[in-house]
Amino acid sequence: MLEKYWSVFMDIKYTEYYYRQYKNRATRRATFIKGFLAICSAASIGSWAIWNELQIVWMIILAVSQILNAIQFLFPYQTQISTMNFFIPELCSLLNRIEHDWDKVRGHTATALNDDQISLLILEYDNEFYTLENKYIGNTYMPYSNSCKKKAIKYRDDFCKARYPNNNGKDVLNVPDIKV
C-alpha cells in the first residue's frame, strides 16, 4: 500500500508541475501576441515617415497585425491561463493534504494507518483530484505538450530529491524499485 500511495502522490505532483509549465507557456505566448500587436500599432504610426522606402514591409506587418488582432479571440491562451489560475491553487491544497498524510501512511506518527485506511485515503484523494480536474479543466482546449512533460518530470524529481533525500529522492520506503 505504501507504494500505491506514493505513486498517487507522485502522479498528482507531476500533474501540478505539468500544468504550471503549461500555464507558463500559455502566458509567454499570449504576452508575445499582445506585445507584437502593440509594437505593430505603434510602429505603423511611426512608419508613415518612411512609408515610401519600405512600403511592402510595412504592408505585410500591418496585414499580419490586423489578422492577429481579428482572430486573437480564437487562441486558447487566455482561457488556459484563467483555468490554471483557479486549478493550480486547489491542486496545491490537495497535494499539501496528501503530503501531510504521508507520515501517517508510513507509520511515522502515533496515528499510523492500516492497509484498508490507506486504500480509502487513496480513493478519496484520487476522487478529489479527478473532481478538481473536471471542474476546472473540463473542456478547456489543452493539447499535450512534450516540453511541459519533460520539465514536469524534472521538477517532480527535484522535489523528491530535496524533500525526501534518502534513496536518491525515492523517499524513505527502503524499496529500491519505486519509480519516481
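The values are calculated or read from the model by the stated rules, or taken from the named source; none is laboratory data. Everything numeric in this text was worked out from a predicted model, so none of it was measured. Note: ideal-geometry Cβ built from the backbone for every residue, glycine included; neighbour counts use all protein chains shown.
What are the residues in region 1-24 that are within 17 Å of S147 (Cβ to Cβ) and either surrounded by 16 or more Cβ atoms within 10 Å (Cβ to Cβ) or modelled with pLDDT under 90 (or both), if any? Outline the logic, then answer.
Restricting attention to region 1-24, the residues satisfying the condition of being within 17 Å of S147 (Cβ to Cβ) are 14-24.
Correct list: Y14, T15, E16, Y17, Y18, Y19, R20, Q21, Y22, K23.
So the check is Cβ under 8 Å with 6+ separation or different chains; which pairs have a first residue in region 51-76 that's under 30 Å from T140 (Cβ atoms) and a second one that's surrounded by 11 or more Cβ atoms within 10 Å (Cβ to Cβ) and at pLDDT below 80?
Hits for this filter: V64/C40; S65/C40; S65/S41; S65/S44.
Could you tell me which residue of region 78-127 is surrounded by the fewest Cβ atoms within 10 Å (Cβ to Cβ), considering only residues that are within 30 Å of Q21 (Cα to Cα) and of a type in the set (S, T, Y)?
Of region 78-127, the ones within 30 Å of Q21 (Cα to Cα) are 78-103, 105, 121-127.
Restricting the remaining residues to those that are of a type in the set (S, T, Y) gives 79, 82-83, 93, 125.
Details: T79: 15, S82: 14, T83: 21, S93: 12, Y125: 19.
By that ranking, first place goes to S93.
Across region 102-150, what is the number of residues that are in a helix (DSSP H, G or I) and closer than 30 Å to I81 by Cα? Lay out the reasoning, then the answer.
Restricting attention to region 102-150, the residues satisfying the condition of being in a helix (DSSP H, G or I) are 102-106, 115-136, 146-150.
Next, from what is left, pick out any that are closer than 30 Å to I81 by Cα: 122-136, 146-150.
Number satisfying all stated conditions: 20.
Looking only at region 137-152, filter to residues that are of a type in the set (G, A, S) and in contact (Cβ under 8 Å) with a residue 40 or more places away in the chain; which one of those is surrounded by the fewest Cβ atoms within 10 Å (Cβ to Cβ)?
Of region 137-152, the ones of a type in the set (G, A, S) are 138, 145, 147, 152.
Now restrict to residues that are in contact (Cβ under 8 Å) with a residue 40 or more places away in the chain: 145, 147, 152.
Working: S145: 15, S147: 10, A152: 21.
That would be S147.
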